[in-house]
Amino acid sequence: MLWFLLWTVLVLGTLAGAFFLGRRLWRSTLALGRELGRASEVLAVLADRADELARLARENAPDTGPTLFGDRDELRDVRDRLRTEREERRAVRVLDAAQGWRAFWT
């Protein structure tokens, strides 16, 4: 009789545990479905925004077509301006690096 009672309690406890585990699994599955739905909506908005930004980038892209017959003086001015900007950026980088090393060694 004692064995019957012990096994009954064990089986009922196992069934109760299985019920609560199954309920938690079901609720987690529903929550996952809701989050996946929300993620798909956000992904759709993100894709639309990326398409819009790509379109704007194509529209505002500078003309990089051939300049075989362009005005030489204008082309030289552009080249000189770009070289000057590059040299200024390089000088700033050199100063930043030097200050970083001075701060490191002092």
Could you give the angle, 0 to 90 degrees to the nearest 10, between helix 72-105's Cα long axis and the longest principal axis of the Cα atoms of the chain? 60
Gyration tensor verdict on the chain (Cα atoms; rounded if a/c is under 1.5, prolate if a/b is larger than b/c, oblate otherwise): oblate
Measuring from the longest principal axis of the C-alpha atoms of the chain, the long axis of helix 2-59 (C-alpha) lies at a number of degrees, nearest 10, equal to 20
How much accessible surface does Phe20 have with a 1.4 Å probe, in Å² rounded to 10? 110
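In Å², what does the accessible area per residue of the chain work out to with a 1.4 Å probe? Please list the in-between numbers first.
Details: 10380 Å² over 106 residues.
The answer is 98 Å² per residue.
The values are calculated or read from the model by the stated rules, or taken from the named source; none is laboratory data. Just so you know, these numbers come straight off a predicted model, no measurement behind them. In case anyone asks, the SASA skips ligands and DNA or RNA and just uses the protein heavy atoms, side chains included. Shrake-Rupley method; radii C 1.70, N 1.55, O 1.52, S 1.80 Å.
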